[in-house]
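Accompanying notes for the structure given below.
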Amino acid sequence: MQSIVKGQTPIERLAIVYPKAIGDFLFVLPALHTIRRAFPDTHITLVIKQKQAPLAEPQKGVLCDAILTLGGGMSWREVRKQLARAKVDTVIDMVGNDQSGLLLSWRGGRRIRPHRTDCKGLCAMYSPWAESMPPSDAGVHRVDELLAFARYLGADDPVYSFQLQLPGPAVEASERMIATYDLRSGTVVALNLGASRDTKRWPAAHIRTLVEGLIAKGLRVVLMGAAEFKSDDHWDRRTVEQLRADGVVDDSNCIDLVTEGNLPPDLHLQRDAHFLRYANVAEVVVGDDTGALHIAGSVGEDARRKTVSLFGPTNWGRYAPYDPSRSYPDNPSGDWNRVLCADVDCLPSGTEEACHYYRKGCGHKRCMHELSPDRVLECVMDMVKA
């Protein structure tokens, strides 16, 4: 059996710990592709969060051999037991937070975690005897930061691929929806409505102004997002319902894909992933710092789509869709992905991941509210013409 070798220590059964959000799963794909291509015979177990499962599960047998999902009844203690039963000899923590740190605590075998300066919470305290990665370079994109873990394991030739295997029913649902609305006619702009936190969400009034402006320019608009998201009281669905009540959503010039088909959440996400990345329908995808933009726009070997990313409290140099033609902080307009930020003084800068109020809640949300629809419309039209 071929195995990963670091120094003289072979690794035959590797666990990669990466319980994060949906967009973060796109960031780790190049590292997973790099490890799998370099070491195809090493048994790999991927530890994820439940929200990542719709995208992660179809990669089993391709990028990994087994998947363990935190949440839905499986605690970090149970995951640790499962890793022990699977005789995993090496665990690499690519997250560096409290939850992942607990997985590395009180475990035999080799353990690798981020440098303590890159850890959050008590991760470094939970795993004091784990190998520590070198500190990450300042201002590096999250994709490149995660590829450093692959290099540490000995995979020196990076694979910049964001390829996702998607199940047949998801592809069929996507193509059926495209045919139903004849989306291969006309120029289509996809607009993803919401975000995981209200601090990085563009206001509904701005969305309406942008949609009306795009339609006036002769473009067709598809509205995308999650039909069910309890933490924000189903904001995407409520926004679409209001736009329909106001006559903006007409299923011809403006189409609702948030509730279309009444799909189960997992199939809904997988269908949207196919539509955004592989269907070659949307000319430009617009949205906040969220998973849909990373699915659509991250430039890789498999596909790429033009995107306009609306950034506020999070650091675009670190978290915008991956586009190596862009450079932080001087060049937000890459060949494929352009970043727009409001001209406010509270944006994160340098190596900051986010502003201080990103998770706590912000009283004014100027960074998103002062990003004008006219500016976004001008950028979209420029990309459409290009």
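Where a number appears in this text, it was derived from the coordinates with a stated rule and is not lab data. Because the structure is a prediction, the values reported are computed rather than measured. Methodologically, a virtual Cβ is constructed for each residue, glycine included, from the backbone with ideal geometry; neighbour enumeration extends over all protein chains shown.
Could you tell me which of rounded, prolate or oblate describes region 10-79, using a ≥ b ≥ c as the square roots of the eigenvalues of the alpha-carbon gyration tensor, with rounded for a/c under 1.5 and, failing that, prolate when a/b is larger than b/c and oblate otherwise?
Values: a/c = 2.07, a/b = 1.35, b/c = 1.54.
Judged from the Cα gyration tensor, region 10-79 comes out oblate (a/c at least 1.5, b/c at or above a/b).
Does anything in region 199-222 have its amide N under 13 Å from the 7 Å Cα→Cβ label point of residue 344, and if so which residues?
199-203
Kindly express, to the nearest 10 degrees and within the range 0 to 90, the angle between helix 168-180's C-alpha long axis and the longest C-alpha principal axis of the chain.
Tilt of helix 168-180: around 10 degrees.
Considering the chain as a Gaussian network with a 10 Å cut-off on Cα pairs, which listed residue, 41, 246, 266, attains the greatest mean-square fluctuation?
Sorting by GNM fluctuation, first place goes to 246.
Out of 222, 344, 257, whose Cα points farthest toward the positive end of the dipole of region 168-385 (charges: +1 Lys, Arg; -1 Asp, Glu; placed on Cβ)?
So the residue furthest toward the plus end is 344.
Relative to the longest principal axis of the chain, what angle (0 to 90°, nearest 10) does the C-alpha long axis of helix 265-277 take?
That helix lies at roughly 70 degrees to the long axis.
By what distance, in whole Å, do the Cα atoms of region 168-385 stretch along each of the three principal axes, largest value first?
Cα spread of region 168-385 along its principal axes, largest to smallest: 46, 37, 34 Å.
Report, to one decimal in Å, the Kirkwood hydrodynamic radius for region 118-233 based on all distinct Cα pairs.
Values: mean 1/r = 0.0517 Å⁻¹.
In region 118-233 this quantity evaluates to 19.3 Å.
With only Lys, Arg, Asp and Glu charged, each at its Cβ (+1 for the first two, -1 for the last two), find how big the charge dipole of region 168-385 is about the Cα centre; round to the nearest 20 debye.
180
Are there any chymotrypsin sites (Phe, Trp or Tyr not before Pro) in region 111-180 that are in a DSSP loop and have at most 12 other Cβ atoms within 10 Å? List them by number. Write out the running numbers ahead of the final one.
Values: sites: 126, 129, 149, 152, 160, 162; in loops: 129, 160, 162.
The qualifying sites are 129.
Just want the answer: with Cβ charges of +1 for Lys and Arg and -1 for Asp and Glu, which residue in 286, 23, 240 is farthest toward the dipole's positive end in the chain?
Sorting the options by dipole projection puts first 23.
Starting from the 7 Å offset along Cα-to-Cβ, what nm value, one decimal, do you get for the label separation of residue 175 and residue 209?
About 4.1 nm separates the two model spin labels.
Could you tell me the distance between the Cα centroids of region 269-338 and region 24-75, to the nearest Å?
22
Find the Rg to Rh ratio for region 257-331, where Rh is the Kirkwood radius over alpha-carbon pairs and Rg uses the same atoms. Before the final figure, lay out each step's value.
Numbers: Rg = 13.3 Å, Rh = 13.3 Å.
Using Cα coordinates only, the ratio equals 1.00.
Only bridges whose two residues both fall in region 168-385 count here: according to DSSP, what percent of them are antiparallel, nearest 5? Could you put the intermediate results ahead of the total?
Details: 3 of 25 bridges.
Around 10 percent of the beta bridges assigned by DSSP in region 168-385 are antiparallel ones.
Counting other beta carbons within 10 Å of each residue's own, what order do 55, 267, 191 fall into, fewest first? Each step should come with its number before you reach the end.
Details: 55 22, 267 15, 191 25.
Ascending Cβ contact count within 10 Å gives the list 267, 55, 191.
With both bridge residues required to lie in the chain, what share of the DSSP beta bridges run antiparallel, to the nearest 5%?
Working: 7 of 49 bridges.
Expressed as a percentage, antiparallel bridges in the chain total about 15.
Rank 61, 72, 186 by mean-square fluctuation in a GNM of the chain with C-alpha springs under 10 angstrom and give only the top-ranked residue.
Comparing 61, 72, 186 in a Gaussian network model of the chain, the most mobile one is 72.
Separation between the residue 267 and residue 151 pseudo-spin-labels, each 7 Å from Cα along Cα→Cβ, expressed in nm?
Rounded to a tenth, the inter-label distance reads 4.4 nm.
Can you pull the one-decimal nm distance between simple spin-label points at residue 374 and residue 356, each 7 Å off the Cα toward Cβ?
3.3
For region 4-152, how big is Rg over Rh, using alpha carbon atoms and the Kirkwood form of Rh? All intermediate terms of the calculation are to be shown ahead of the outcome.
Numbers: Rg = 14.0 Å, Rh = 15.2 Å.
That ratio is 0.92, to two decimals.
About the Cα centre of the chain, what is the dipole size in debye to 20, counting +1 per Lys and Arg Cβ and -1 per Asp and Glu Cβ, all else neutral?
Charge dipole of the chain: 1200 debye, to the nearest 20.
Tilt of helix 373-385 relative to the longest C-alpha principal axis of the chain, in degrees (0 to 90, nearest 10)?
Helix 373-385 sits at roughly 80 degrees to that axis.
Name the cysteines of the chain that stand alone by the Cβ rule: no other cysteine Cβ under 4.7 angstrom.
64, 254, 341, 346, 355, 362, 367, 379
Under 5 Å between amide hydrogens, which residues at least 5 positions from residue 254 or on another chain qualify, with H placed 1.01 Å from N in the peptide plane?
221
Counting helices only, and only those DSSP H runs with n ≥ 4, report the 222 nm mean residue ellipticity of the chain as the sum of -39,500 (n - 2.57) divided by its residues, in deg cm²/dmol to the nearest 500. All intermediate terms of the calculation are to be shown ahead of the outcome.
Working: 14 runs with 131 residues, N = 386.
My calculation for the chain gives -9500 deg cm²/dmol from helical runs alone.
Working only with C-alpha atoms, what are the Rg and Dmax values of the chain, expressed in angstrom?
21.0, 67
Out of all DSSP beta bridges in region 4-152, what portion is antiparallel? Express it as a percent rounded to 5.
Numbers: 4 of 24 bridges.
The answer is about 15 percent antiparallel.
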